[in-house]
1. Mind listing the lone cysteines of the chain, meaning no other Cys beta-carbon sits under 4.7 Å from theirs?
2. Reachable aspartates and glutamates from Lys49, Cα under 15 Å, same-chain residues fewer than 8 places away excluded?
3. Which of Lys309/Lys335; Lys195/Lys331; Lys269/Lys309; Lys68/Lys195; Lys16/Lys68 have a Cα-Cα distance over 29 Å?
4. From the alpha carbon gyration tensor of the chain, can you work out the equivalent ellipsoid semi-axes (sqrt of 5 times each eigenvalue) and give them in Å, largest to smallest?
5. What are the DSSP H helices in the chain that stretch 30 Å or more along their long axis, judged by alpha-carbon atoms, and whose average Kyte-Doolittle hydropathy comes to at least 1.0?
6. Of the beta bridges DSSP finds with both residues in the range 32-159, what % are antiparallel, to the nearest 5?
7. Between beta-carbons, use under 14 Å as the cut-off and find the net charge around Pro179, counting Lys and Arg +1, Asp and Glu -1.
8. Give the long-range amide H neighbours of Asn295: residues separated by 5 or more places, or on another chain, with amide H under 5 Å away, using H modelled in the peptide plane at 1.01 Å from N.
Amino acid sequence: MRNLIDKLEREHILEKDEFIALLTALSREGHDGETGTYLAAKALAVREKYFGRDVYLRGLIEFTNYCKNDCLYCGIRRGNPKAERYRLSAREILDRCRAGYELDFRTFVLQGGEDPYFNDERMVEIISGMRQEFPDCAITLSVGEKSRETYEKYYQAGADRFLLRHETAAPDHYGLLHPADMSLANRQECLFTLKDIGFQVGAGFMVGSPFQTLENIAEDLLFIGRLKPQMVGIGPFIPHPETPLGSYERGSADLTVSILGILRLMLPKVLLPATTALGTIDPESREKALGYGANVMMPNLSPLNVRQKYDIYVGKIHLDEEAAEGVARLKSRLKELGYETPLSRGDFPV
Ligand code: SF4
């Protein structure tokens, strides 16, 4: 497998059957087998070349858990009557930004379901308010599929980045995870539109989602190779019992960590989070992820009384290291591991 990893480092892409061979070896041997160890060493060297030992912290504000969609794996899908719904007001969002700024966050991530209440007018008001009060901070949105016109309004109001996981690049697989009224083609088109407008974009997918094959993951990697996003968010699938896919097995933290290494070689300057889902199923995996090229963490800045309601999967960590109040502890743990957490927006290097 070393020859494939060398090729990936050199050319930043592999053929589909080569990706499948590499993923097969990593699944069989585990992330700390011979293939994974070689991959980690390469990924770490690339990350250090572009980012040194820096890890960027982003303040995550989950501002609405209403969603008009019904993705079959998601705990806040509209079809889950047990989800306790909430929305934050513009004032509450700004309050959380102020608290985050005091904690040295210089990126705020506004994440929510596709909630029609937050129409263009309300979103532009929120984004403009953040931009005005925090001119030195990056504003990242994660609010789903919209029209080009809407994305342009967000961008003009001052948003810089947009996260939209493509979830799976295989149409058949997409159809097994989503209702018929959702379309993979539209989701992918949104990503290209966002990039064209000027956003730094983040794609991503779940590892080990129901019905997923290694061939599907290879297709995800090929799509990411075509899109060339500035950020990629991947995490293991975690079932939520109040969803149609609630009885399926969770994904592998081990394989997720290895795929981070592949992504670091594909996109050397990518901003790559060690995700909350990874930390939820195995707290040590987030530290391992840093050793495979991850360079971002997203502590939760949402108000304490709503954190448990943004329940996209079960057992999500949010009350300790992952919470903003635990940021000092997180920083000191990172320092022990030899990482720095600079006071910086942590943009994609140009
Ligand atoms: S995954 Fe996103 S779009 Fe789908 S139901 Fe959940 S919040 Fe809504």
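Read-outs throughout are calculated quantities, based only on the coordinates presented, and are distinct from any laboratory measurement. Fair warning: this is a prediction, and the values are worked out from it, not measured in the lab. When we count neighbours, we look across all protein chains shown, and the Cβ atoms used for this are built from the backbone with ideal geometry, even at glycine.
1. Cys67, Cys97, Cys137, Cys190
2. Result set, ordered by chain and number: Glu9, Glu340.
3. On the way: Lys309/Lys335 32 Å; Lys195/Lys331 32 Å; Lys269/Lys309 34 Å; Lys68/Lys195 25 Å; Lys16/Lys68 35 Å.
Table pairs above 29 Å Cα-Cα are Lys309/Lys335; Lys195/Lys331; Lys269/Lys309; Lys16/Lys68.
4. Numbers: eigenvalues 167, 110, 78 Å².
Output for the chain: semi-axes of 29, 23, 20 Å.
5. Numbers: long enough: none.
Both cut-offs are met by no helix.
6. 10
7. Details: positive: Lys68, Arg77, Arg78, Arg187; negative: Asp70, Glu114, Glu145, Glu167, Asp181.
Its environment carries a net charge of -1.
8. The list, which skips near neighbours in sequence, is Leu272, Ala274.
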